[in-house]
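Below you'll find the structure, written out as C-alpha coordinates, and then a few comments.
The values are calculated or read from the model by the stated rules, or taken from the named source; none is laboratory data. It should be emphasised that the depicted structure is a prediction, and the values quoted were computed from it without experimental measurement. Here Cβ is always computed from backbone atoms with ideal geometry, including for glycine, and neighbour counts include all displayed protein chains. For accessibility, only protein heavy atoms count, side chains too; no ligands or nucleic acids. Shrake-Rupley method; radii C 1.70, N 1.55, O 1.52, S 1.80 Å.
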Amino acid sequence: MTTFDESLHPRGQAANSGQFREKRNDAPAGALTAVLPEMTPADVRNADYTIDVLREHITATEGVHDLHVSGTDEDGNVILEWKTHSRYSGDHVFEDRVRVDESGEIVAVESGRGGQWFNQDPHGDELAAYRMKVNEVRLAHAGVYVHGQPNDGGPYGRKFVGGRVDQESRWRDAAQVSKDIRQQIKSATEWGALPSDLAYAVRTNKYAGGQSIDITVEGMSDADQYTERQDGFPHGRSGRAKEITEVLEIIGNQWNTDESDVMTDYFNVTYYCFVRIDDERMAAFRAEQRAIAARKRADKKAKAAA
(Lines give C-alpha, C1' and ligand atoms only; values in the text may rest on other atoms or scores of the structure.)
Protein backbone atom coordinates (compact mmCIF):
# COMPACT_ATOMS: atom_id res chain seq x y z
CA MET A 1 0.00 0.00 0.00
CA THR A 2 1.47 3.38 -1.04
CA THR A 3 1.30 6.55 1.03
CA PHE A 4 0.09 9.93 -0.16
CA ASP A 5 2.93 12.37 -0.95
CA GLU A 6 1.47 15.84 -0.81
CA SER A 7 4.54 17.34 -2.51
CA LEU A 8 3.53 15.56 -5.71
CA HIS A 9 0.02 17.03 -5.59
CA PRO A 10 -0.59 20.43 -7.24
CA ARG A 11 -1.60 21.75 -3.84
CA GLY A 12 1.94 21.11 -2.59
CA GLN A 13 3.67 22.83 -5.49
CA ALA A 14 4.23 26.52 -4.86
CA ALA A 15 4.57 27.32 -8.55
CA ASN A 16 1.38 25.54 -9.59
CA SER A 17 -0.95 25.26 -6.60
CA GLY A 18 -3.88 26.80 -8.49
CA GLN A 19 -7.40 25.81 -7.48
CA PHE A 20 -6.13 23.10 -5.12
CA ARG A 21 -4.32 25.52 -2.76
CA GLU A 22 -7.03 25.63 -0.07
CA LYS A 23 -9.20 22.65 -0.96
CA ARG A 24 -9.32 19.81 1.51
CA ASN A 25 -11.96 17.26 2.40
CA ASP A 26 -14.24 18.07 5.29
CA ALA A 27 -14.54 15.67 8.19
CA PRO A 28 -17.46 13.19 7.86
CA ALA A 29 -20.67 14.79 9.08
CA GLY A 30 -22.93 11.75 9.15
CA ALA A 31 -23.19 8.77 11.47
CA LEU A 32 -24.80 5.35 11.20
CA THR A 33 -26.94 5.99 14.27
CA ALA A 34 -28.47 9.18 15.58
CA VAL A 35 -26.54 11.02 18.26
CA LEU A 36 -28.58 10.63 21.44
CA PRO A 37 -28.31 12.66 24.62
CA GLU A 38 -26.63 11.16 27.67
CA MET A 39 -29.31 9.26 29.59
CA THR A 40 -29.78 6.41 32.03
CA PRO A 41 -32.37 3.60 31.78
CA ALA A 42 -34.47 5.40 34.39
CA ASP A 43 -34.63 8.48 32.14
CA VAL A 44 -36.41 6.58 29.34
CA ARG A 45 -38.58 4.26 31.43
CA ASN A 46 -41.27 6.73 32.40
CA ALA A 47 -44.51 8.05 30.94
CA ASP A 48 -43.15 11.49 29.98
CA TYR A 49 -40.38 10.09 27.79
CA THR A 50 -42.71 7.61 26.05
CA ILE A 51 -45.22 10.39 25.39
CA ASP A 52 -42.45 12.52 23.81
CA VAL A 53 -41.41 9.65 21.53
CA LEU A 54 -45.01 9.01 20.50
CA ARG A 55 -45.61 12.71 19.84
CA GLU A 56 -42.71 12.80 17.39
CA HIS A 57 -43.90 9.64 15.63
CA ILE A 58 -47.59 10.56 15.47
CA THR A 59 -46.98 14.16 14.41
CA ALA A 60 -45.12 12.88 11.32
CA THR A 61 -48.29 11.06 10.20
CA GLU A 62 -50.25 12.84 7.47
CA GLY A 63 -53.55 14.40 8.55
CA VAL A 64 -52.93 14.26 12.32
CA HIS A 65 -54.21 17.17 14.40
CA ASP A 66 -55.37 17.96 17.91
CA LEU A 67 -52.63 15.81 19.48
CA HIS A 68 -52.75 16.30 23.24
CA VAL A 69 -52.62 14.65 26.65
CA SER A 70 -56.19 14.49 27.87
CA GLY A 71 -55.41 13.40 31.44
CA THR A 72 -55.12 10.12 33.34
CA ASP A 73 -57.46 7.19 33.84
CA GLU A 74 -58.49 5.48 37.10
CA ASP A 75 -55.31 3.38 37.04
CA GLY A 76 -53.03 6.40 36.73
CA ASN A 77 -52.21 5.77 33.05
CA VAL A 78 -51.52 8.88 30.97
CA ILE A 79 -53.86 9.23 27.97
CA LEU A 80 -52.56 10.66 24.69
CA GLU A 81 -55.29 11.46 22.15
CA TRP A 82 -55.28 12.68 18.56
CA LYS A 83 -57.47 12.98 15.49
CA THR A 84 -56.67 12.05 11.90
CA HIS A 85 -58.33 13.43 8.78
CA SER A 86 -57.57 11.24 5.80
CA ARG A 87 -57.70 12.64 2.27
CA TYR A 88 -59.50 9.44 1.21
CA SER A 89 -62.23 9.54 3.87
CA GLY A 90 -64.07 12.71 2.90
CA ASP A 91 -65.17 14.54 6.00
CA HIS A 92 -64.69 11.58 8.30
CA VAL A 93 -62.29 12.14 11.20
CA PHE A 94 -60.63 9.19 12.95
CA GLU A 95 -60.03 9.42 16.69
CA ASP A 96 -57.31 7.41 18.45
CA ARG A 97 -55.64 7.30 21.84
CA VAL A 98 -53.03 5.34 23.75
CA ARG A 99 -52.64 4.73 27.46
CA VAL A 100 -49.14 4.83 28.99
CA ASP A 101 -48.39 3.62 32.52
CA GLU A 102 -45.95 5.26 34.94
CA SER A 103 -43.08 2.97 33.82
CA GLY A 104 -43.45 4.20 30.23
CA GLU A 105 -45.10 1.07 28.85
CA ILE A 106 -47.98 1.46 26.39
CA VAL A 107 -50.79 -0.64 27.84
CA ALA A 108 -53.70 0.05 25.45
CA VAL A 109 -54.57 1.45 22.03
CA GLU A 110 -58.16 2.53 21.37
CA SER A 111 -60.19 4.02 18.54
CA GLY A 112 -63.10 6.40 19.06
CA ARG A 113 -66.12 7.85 17.39
CA GLY A 114 -68.36 10.55 18.77
CA GLY A 115 -66.85 10.32 22.24
CA GLN A 116 -67.24 6.53 22.42
CA TRP A 117 -64.02 4.49 22.61
CA PHE A 118 -63.48 0.93 21.38
CA ASN A 119 -60.68 -1.61 21.51
CA GLN A 120 -60.31 -2.56 17.86
CA ASP A 121 -56.99 -4.32 18.36
CA PRO A 122 -57.98 -7.76 19.74
CA HIS A 123 -54.67 -9.44 18.83
CA GLY A 124 -52.43 -6.60 20.01
CA ASP A 125 -50.79 -5.94 16.63
CA GLU A 126 -51.45 -2.18 16.67
CA LEU A 127 -50.31 -1.97 20.28
CA ALA A 128 -47.09 -3.79 19.35
CA ALA A 129 -46.49 -1.35 16.48
CA TYR A 130 -46.61 1.65 18.82
CA ARG A 131 -44.48 -0.12 21.40
CA MET A 132 -41.85 -0.87 18.74
CA LYS A 133 -41.48 2.85 18.01
CA VAL A 134 -40.53 3.35 21.65
CA ASN A 135 -38.40 0.20 21.68
CA GLU A 136 -36.34 1.43 18.72
CA VAL A 137 -35.35 4.53 20.70
CA ARG A 138 -34.60 2.46 23.80
CA LEU A 139 -32.50 0.05 21.74
CA ALA A 140 -30.51 2.96 20.31
CA HIS A 141 -29.79 4.15 23.86
CA ALA A 142 -28.68 0.59 24.69
CA GLY A 143 -26.11 0.72 21.88
CA VAL A 144 -28.06 -1.40 19.39
CA TYR A 145 -27.81 -0.51 15.69
CA VAL A 146 -31.51 -0.69 14.87
CA HIS A 147 -31.12 -0.20 11.12
CA GLY A 148 -28.70 -1.86 8.74
CA GLN A 149 -25.97 -0.12 6.80
CA PRO A 150 -26.66 1.55 3.45
CA ASN A 151 -25.71 -0.78 0.61
CA ASP A 152 -25.88 -1.20 -3.16
CA GLY A 153 -28.82 -3.56 -3.02
CA GLY A 154 -26.81 -6.56 -4.15
CA PRO A 155 -27.44 -8.62 -7.29
CA TYR A 156 -31.06 -9.26 -6.30
CA GLY A 157 -31.93 -5.85 -4.87
CA ARG A 158 -32.62 -7.12 -1.34
CA LYS A 159 -29.19 -7.05 0.21
CA PHE A 160 -29.00 -6.51 3.98
CA VAL A 161 -25.88 -5.41 5.82
CA GLY A 162 -26.08 -5.28 9.61
CA GLY A 163 -25.09 -2.12 11.42
CA ARG A 164 -22.08 -3.75 13.10
CA VAL A 165 -20.70 -5.61 10.09
CA ASP A 166 -16.99 -5.05 9.54
CA GLN A 167 -16.79 -3.89 5.93
CA GLU A 168 -13.31 -5.34 5.50
CA SER A 169 -13.67 -8.89 6.81
CA ARG A 170 -17.51 -9.11 6.57
CA TRP A 171 -17.39 -12.59 8.14
CA ARG A 172 -17.49 -13.28 11.87
CA ASP A 173 -17.63 -16.49 13.84
CA ALA A 174 -21.10 -17.19 15.23
CA ALA A 175 -19.69 -18.09 18.66
CA GLN A 176 -18.19 -14.60 18.98
CA VAL A 177 -21.40 -13.01 17.73
CA SER A 178 -23.39 -14.96 20.34
CA LYS A 179 -21.33 -13.43 23.14
CA ASP A 180 -22.13 -9.94 21.88
CA ILE A 181 -25.82 -10.81 21.45
CA ARG A 182 -26.05 -11.97 25.08
CA GLN A 183 -24.51 -8.72 26.26
CA GLN A 184 -26.87 -6.62 24.15
CA ILE A 185 -29.93 -8.57 25.28
CA LYS A 186 -28.89 -7.77 28.85
CA SER A 187 -28.51 -4.09 27.95
CA ALA A 188 -31.84 -4.00 26.07
CA THR A 189 -33.56 -5.49 29.14
CA GLU A 190 -32.07 -2.80 31.37
CA TRP A 191 -33.32 -0.08 29.01
CA GLY A 192 -36.82 -1.57 28.86
CA ALA A 193 -36.83 -2.81 25.25
CA LEU A 194 -37.26 -6.42 26.44
CA PRO A 195 -39.24 -7.80 29.40
CA SER A 196 -37.08 -8.52 32.44
CA ASP A 197 -39.33 -11.37 33.66
CA LEU A 198 -38.39 -13.66 30.75
CA ALA A 199 -35.25 -15.76 30.24
CA TYR A 200 -33.19 -15.52 27.05
CA ALA A 201 -30.84 -18.25 25.80
CA VAL A 202 -28.43 -17.86 22.87
CA ARG A 203 -27.02 -21.02 21.27
CA THR A 204 -24.71 -21.55 18.31
CA ASN A 205 -24.79 -24.28 15.67
CA LYS A 206 -22.07 -24.97 13.11
CA TYR A 207 -22.38 -27.33 10.18
CA ALA A 208 -20.92 -27.97 6.74
CA GLY A 209 -21.33 -24.81 4.71
CA GLY A 210 -22.73 -22.51 7.36
CA GLN A 211 -23.53 -21.50 10.90
CA SER A 212 -26.60 -20.36 12.80
CA ILE A 213 -27.59 -18.66 16.05
CA ASP A 214 -30.73 -19.67 17.96
CA ILE A 215 -32.25 -17.19 20.41
CA THR A 216 -34.82 -18.82 22.68
CA VAL A 217 -37.24 -17.02 25.00
CA GLU A 218 -38.48 -18.92 28.04
CA GLY A 219 -41.15 -18.05 30.59
CA MET A 220 -43.94 -16.67 28.41
CA SER A 221 -47.35 -18.26 28.99
CA ASP A 222 -49.50 -19.53 26.14
CA ALA A 223 -52.15 -16.95 27.05
CA ASP A 224 -49.65 -14.14 26.46
CA GLN A 225 -48.09 -15.74 23.39
CA TYR A 226 -51.19 -16.72 21.43
CA THR A 227 -54.53 -15.16 20.58
CA GLU A 228 -57.71 -17.23 20.53
CA ARG A 229 -60.68 -17.54 18.24
CA GLN A 230 -64.19 -17.65 19.62
CA ASP A 231 -64.11 -21.47 19.53
CA GLY A 232 -61.13 -21.45 21.90
CA PHE A 233 -58.46 -22.73 19.51
CA PRO A 234 -55.19 -20.83 19.09
CA HIS A 235 -55.53 -18.30 16.29
CA GLY A 236 -51.98 -17.03 15.98
CA ARG A 237 -49.18 -15.22 17.72
CA SER A 238 -50.04 -12.22 19.83
CA GLY A 239 -48.73 -8.74 19.15
CA ARG A 240 -46.59 -9.00 22.29
CA ALA A 241 -44.90 -12.16 21.00
CA LYS A 242 -44.27 -10.52 17.63
CA GLU A 243 -42.82 -7.45 19.34
CA ILE A 244 -40.34 -9.49 21.41
CA THR A 245 -39.37 -11.49 18.31
CA GLU A 246 -38.75 -8.31 16.30
CA VAL A 247 -36.56 -6.79 19.02
CA LEU A 248 -34.45 -9.96 19.25
CA GLU A 249 -34.13 -10.19 15.46
CA ILE A 250 -32.85 -6.60 15.37
CA ILE A 251 -30.26 -7.43 18.04
CA GLY A 252 -29.29 -10.75 16.49
CA ASN A 253 -28.76 -9.52 12.92
CA GLN A 254 -26.45 -6.58 13.64
CA TRP A 255 -23.40 -8.63 12.53
CA ASN A 256 -25.19 -10.38 9.68
CA THR A 257 -25.26 -9.96 5.91
CA ASP A 258 -27.90 -11.42 3.62
CA GLU A 259 -27.91 -11.47 -0.18
CA SER A 260 -30.27 -14.43 -0.50
CA ASP A 261 -32.99 -14.75 -3.11
CA VAL A 262 -35.45 -17.53 -2.33
CA MET A 263 -37.10 -17.22 -5.76
CA THR A 264 -33.93 -18.56 -7.38
CA ASP A 265 -32.96 -20.82 -4.47
CA TYR A 266 -29.88 -18.71 -3.78
CA PHE A 267 -28.76 -18.34 -0.14
CA ASN A 268 -25.84 -16.25 1.01
CA VAL A 269 -25.71 -15.17 4.66
CA THR A 270 -23.03 -14.74 7.31
CA TYR A 271 -25.21 -16.78 9.66
CA TYR A 272 -28.84 -17.70 10.10
CA CYS A 273 -30.55 -16.11 13.09
CA PHE A 274 -33.63 -17.86 14.48
CA VAL A 275 -35.81 -16.51 17.30
CA ARG A 276 -38.20 -18.87 19.07
CA ILE A 277 -40.49 -18.34 22.05
CA ASP A 278 -41.09 -21.56 23.97
CA ASP A 279 -44.71 -22.44 24.71
CA GLU A 280 -45.76 -24.09 27.97
CA ARG A 281 -45.37 -27.62 26.57
CA MET A 282 -41.79 -26.95 25.44
CA ALA A 283 -41.04 -25.25 28.78
CA ALA A 284 -42.24 -28.36 30.62
CA PHE A 285 -40.05 -30.56 28.40
CA ARG A 286 -36.98 -28.41 29.04
CA ALA A 287 -37.64 -28.47 32.79
CA GLU A 288 -37.89 -32.28 32.69
CA GLN A 289 -34.60 -32.55 30.76
CA ARG A 290 -32.86 -30.26 33.26
CA ALA A 291 -34.15 -32.38 36.14
CA ILE A 292 -32.84 -35.56 34.50
CA ALA A 293 -29.46 -33.95 33.90
CA ALA A 294 -29.33 -32.75 37.53
CA ARG A 295 -30.08 -36.26 38.82
CA LYS A 296 -27.33 -37.74 36.65
CA ARG A 297 -24.82 -35.21 37.96
CA ALA A 298 -25.87 -35.94 41.54
CA ASP A 299 -25.53 -39.72 41.02
CA LYS A 300 -22.13 -39.29 39.42
CA LYS A 301 -20.96 -37.11 42.29
CA ALA A 302 -22.29 -39.60 44.85
CA LYS A 303 -20.47 -42.49 43.17
CA ALA A 304 -17.24 -40.52 43.06
CA ALA A 305 -17.50 -39.78 46.77
CA ALA A 306 -18.25 -43.40 47.71
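Tabulated data
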| quantity | calculated |
| --- | --- |
| Residue list for the stretch 188-218, filter: touching a Leu at 6+ places or on another chain (Cβ under 9 Å) and not hydrophobic (A, V, I, L, M, F, W, C) | T189, Y200, E218 |
| In the stretch 258-267, the residues that are open to solvent by less than 100 Å² (accessible area, probe 1.4 Å), among the charged types (D, E, K, R) and farther than 24 Å from H147 by Cα | none |
| Residue that is nearest to E105 (Cα to Cα), among those in the stretch 34-54 that are open to solvent by 80 Å² or more (accessible area, probe 1.4 Å) and in a helix (DSSP H, G or I) | D48 |
| Every residue from the stretch 252-267 that is touching a strand residue (DSSP E or B) at 6+ places or on another chain (Cβ under 9 Å), polar (S, T, N, Q) and part of a loop (DSSP other than H, G, I, E, B) | N253, N256, S260 |
| Single residue of N77, N46 found to be modelled with pLDDT of 55 or more, of a type in the set (S, T, N, Q) and in contact with a helix residue (DSSP H, G or I) (Cβ under 9 Å, 6 or more places away or on another chain) | N77 |
| Yes/no for K301 being among the charged types (D, E, K, R), under 20 Å from A128 (Cβ atoms) and either within 27 Å of the chain's Cα centre (by Cα) or surrounded by fewer than 13 Cβ atoms within 10 Å (Cβ to Cβ) (or both) | no |
| Selected residue [in a strand (DSSP E or B), of a type in the set (A, V, I, L, M, F, W, C) and either open to solvent by 80 Å² or more (accessible area, probe 1.4 Å) or at pLDDT 95 or above (or both)] from I244, I181, I185, I213 | I213 |
| Listing of strands (runs of 3 or more DSSP E) fully contained in the stretch 70-151 that carry 1 or more residues being in contact (Cβ under 8 Å) with a residue 24 or more places away in the chain and touching a Gly at 6+ places or on another chain (Cβ under 9 Å) | 78-85, 93-100 |
| Q149 within 30 Å of L54 (Cβ to Cβ), at pLDDT 95 or above, of a type outside the set (S, T, Y) and open to solvent by 20 Å² or more (accessible area, probe 1.4 Å) | no |
| Hits in the stretch 101-115 - residues which are at pLDDT 90 or above and among the hydroxyl-bearing types (S, T, Y) | S103 |
| Evaluation of G162 against (1) in contact with a Phe, Trp or Tyr (Cβ under 6 Å, 6 or more places away or on another chain); (2) more than 29 Å from E126 (Cβ to Cβ) (one fails), failing number | (2) |
| Residue, nearest to I244 (Cα to Cα), within the stretch 188-210, restricted to residues that are aromatic (F, W, Y) and assigned to a strand (DSSP E or B) | Y200 |
| Of all residues in the stretch 268-298 being in a helix (DSSP H, G or I) and charged (D, E, K, R), the one that is most open to solvent (accessible area, probe 1.4 Å) | R281 |
| Qualifying positions in the stretch 55-85 - closer than 24 Å to L139 by Cα, among the polar types (S, T, N, Q) and open to solvent by 60 Å² or more (accessible area, probe 1.4 Å) | T59, T61 |
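Every residue, every condition in (1) open to solvent by 70 Å² or more (accessible area, probe 1.4 Å); (2) under 22 Å from P41 (Cα atoms); (3) touching a Leu at 6+ places or on another chain (Cβ under 8 Å), yes or no:
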{"site": "E110", "(1), (2), (3)": "no, no, no"}
{"site": "Q116", "(1), (2), (3)": "yes, no, no"}
{"site": "D121", "(1), (2), (3)": "no, no, yes"}
{"site": "E136", "(1), (2), (3)": "no, yes, no"}
{"site": "V161", "(1), (2), (3)": "no, no, no"}
{"site": "D166", "(1), (2), (3)": "yes, no, no"}
